[in-house]
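Q: Submitted below is the structure of interest, expressed as C-alpha cells.
Where a number appears in this text, it was derived from the coordinates with a stated rule and is not lab data. Values in this document were obtained by computation on a predicted structure and should not be read as measured data. No Cβ is skipped: glycine too gets one built from the backbone with ideal geometry, and neighbour counts run over all protein chains shown.
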Amino acid sequence: METVETYSNEFKEVCAFYGAAMHMAQVLEHGIVNALFFLDFIPRKNSDWTDIEFENFFDEQFTKTFGKLVHSLKKITVVPESFETLIHKSNKRRNYLAHAFFRENMGLLYAGGFDQIMTNLNEDLDLFRETDAALTSLLEPLWLKFGWTIQGIEEEAEKYKAELGKSQTS
C-alpha cells in the first residue's frame with residue numbers, strides 16, 4: 001500500500017481544508033455560546049455580574065457538546081425551522097468531521113478521490129458559514145437592543161486583533 005508521503009501535497013491540502021472546516025464549526029459553536037450569553041445570562045443577571053460569574057458561564061458552556069449547546073439554545077428561545085434545519089445539518093457534519101472524516105476518507109484519497117474530498121470539505125465550510133450567518137441574523141436584534149451593532153462588534157474584533165499582535169511581538 002502506498003503511504004501518505006506519496007500523496008503529501010494532496011494530503012496537506014486535505015488537512016488544510018479539514019482544519020478550515022473544523023475552525024468554522026468552532027466559530028459556529030462559539031456563536032451559539034454567545035447567543036446563550038445574550039438570551040440567558042444577561043437577562044438573568046442584568047448588568048450585575050462579576051467577572052468570575054462571566055468566566056464560569058463561558059467555561060460551563062464550552063464543556064457542552066455541540067448538540068447540547070443547540071438543545072440549550074432551543075430551551076430558551078424559539079428557533080425558526082429554517083435555522084433548525086441548518087443547525088441539525090451542521091451538527092451532523094461537525095460530528096462526522098470530528099469522529100469519522102480521516103477514517104473514511106484516506107482510502108478515497110489513495111483511490112484518487114481527492115477532488116471529491118475537497119468538494120465535500122468546501123460544502124462543509126459553506127454550510128457552517130451559512131448557519132453562522134443565520135445565527136447572526138437571529139441575534140442581531142438582541143445586539144441592537146443592548147446597544148451593539150455589527151460595526152461596533154467588528155471594531156472590537158479589530159482592537160482585539162491588534163492587541164494580540166502586540167502581545168506576540170513583546
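Q: Could you tell me what fraction of 2.2 N^0.38 Å the Cα radius of gyration of the chain comes to, as a two-decimal ratio?
A: My calculation over the Cα atoms of the chain gives 1.24.
Q: Right, another one. Output wanted: per-residue J couplings in Hz (rounded whole) for the range 91-107, from phi through Karplus 6.51 cos²θ - 1.76 cosθ + 1.60, θ = phi - 60°, x for Gly and Pro.
A: Per-residue couplings from phi come out as 4, 4, 5, 4, 5, 4, 4, 6, 10, 9, 3, 5, 4, 8, 10, 5, x Hz.
Q: Taking the Cα centre of the range 1-110 as the origin and placing charges on Cβ (Lys, Arg +1; Asp, Glu -1), which of Phe101, Phe58, Cys15 is farthest toward the positive end of the dipole?
A: Of the listed residues, the answer is Phe101.
Q: What's the tally of Lys pairs in the range 4-109 whose alpha-carbon atoms lie under 24 angstrom apart, where the two lysines are 8 or more places apart or on different chains?
A: 14
Q: State, to one decimal in nm², a quarter of the convex hull surface area for the C-alpha atoms of the range 71-133, i.e. the direction-averaged projected area.
A: On the way: hull surface 19.0 nm².
Its Cα hull, projected and averaged over all orientations, spans 4.7 nm².
Q: Let me spell out the model: positive unit charges on the Cβ of Lys and Arg, negative unit charges on the Cβ of Asp and Glu, origin at the Cα centre of the chain. What dipole size does that give, in debye rounded to 20?
A: Here the size comes out at about 460 debye.
Q: Per DSSP helix of 4 or more residues, -39500 (n - 2.57); summed, then divided by the residues of the chain. What does that give at 222 nm, rounded to the nearest 500?
A: Working: 8 runs with 136 residues, N = 170.
Using -39500 (n - 2.57) per qualifying helix, the result is -27000 deg cm²/dmol.
Q: Give me the base-10 log of I(q)/I(0) for the range 1-91 at each q in 0.14 Å⁻¹, Debye formula, one uniform scatterer per Cα, rounded to two decimals.
A: Debye intensities relative to I(0), on a log10 scale: -0.63.
Q: Are there chymotrypsin sites (Phe, Trp or Tyr not before Pro) in the range 17-84 that DSSP marks as loop and that have at most 14 other Cβ atoms within 10 Å, and which are they?
A: Taking the range 17-84 and a limit of 14 other Cβ atoms within 10 Å, the loop chymotrypsin sites (Phe, Trp or Tyr not before Pro) found are Trp49, Phe62.
Q: Fewest Cβ neighbours within 10 Å first, please rank Tyr110, Tyr96 accordingly.
A: By the 10 Å Cβ count, ascending: Tyr96, Tyr110.
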